[in-house]
């Protein structure tokens, strides 16, 4: 049974901002001759590894709203230079926009049931052409 992870996207202002950061990391990796994996390191390692790797995604909360996700392709246990164990969440670099869903701030990450995850936005839908702030306002009003 698949399960997702939800995490705050700290320091990012919009989905477009996150997308640009992903592209920049990919370009820098290519310049350095590296594989260009999309990795987010976190302190706690998920116990439900098999469920996450069975099609799970990392859902990003940006400015109080779930707005995008990336498919999780691996979870790696590592030890930091300080000797503390951490987890690398390895993701597909493709960013998938989702319907907006409000979320309060929290620390770390949380599991997210498939039934509670927002749906992907059809890339052909016209709402995608709207500025993100406007889409957020429409979603807050229940119009998207």
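For the chain, the normalised intensity computed at q = 0.09, 0.21, 0.22 Å⁻¹ comes to -0.29, -1.41, -1.49 (log10 of I(q)/I(0), Debye sum over alpha carbons, equal scatterers, no solvent). Over segment 1-64, the ratio between the Cα radius of gyration and 2.2 N^0.38 Å evaluates to 1.29.
Can you compute the modelled spin-label distance between residue 44 and residue 104, with each label point 7 Å from Cα toward Cβ, in nm? Once both label points are built, they end up 1.6 nm from each other. A Förster distance of 30 Å, applied to the separation of the beta-carbon atoms of residue 137 and residue 114, puts the FRET efficiency at 0.60. Extension gain for residue 78-residue 13 works out to 20.5 nm (0.36 nm per residue, less the C-alpha to C-alpha distance). Residue order for 63, 47, 7, fewest other beta carbons within 10 angstrom first, comes to 47, 63, 7. Note: segment 43-124, Cα convex hull, 112 Å³ per residue. Its relative contact order, with pairs defined as Cα atoms under 8 Å and 6+ residues apart, puts the chain at 28 percent.
A short reminder: the numbers here are calculations on the coordinates, not readings from a lab. Not measured: the values here are computed from a predicted model. Please note: Cβ atoms are built from the backbone with ideal geometry, for glycine as well, and neighbour counts cover all protein chains shown.
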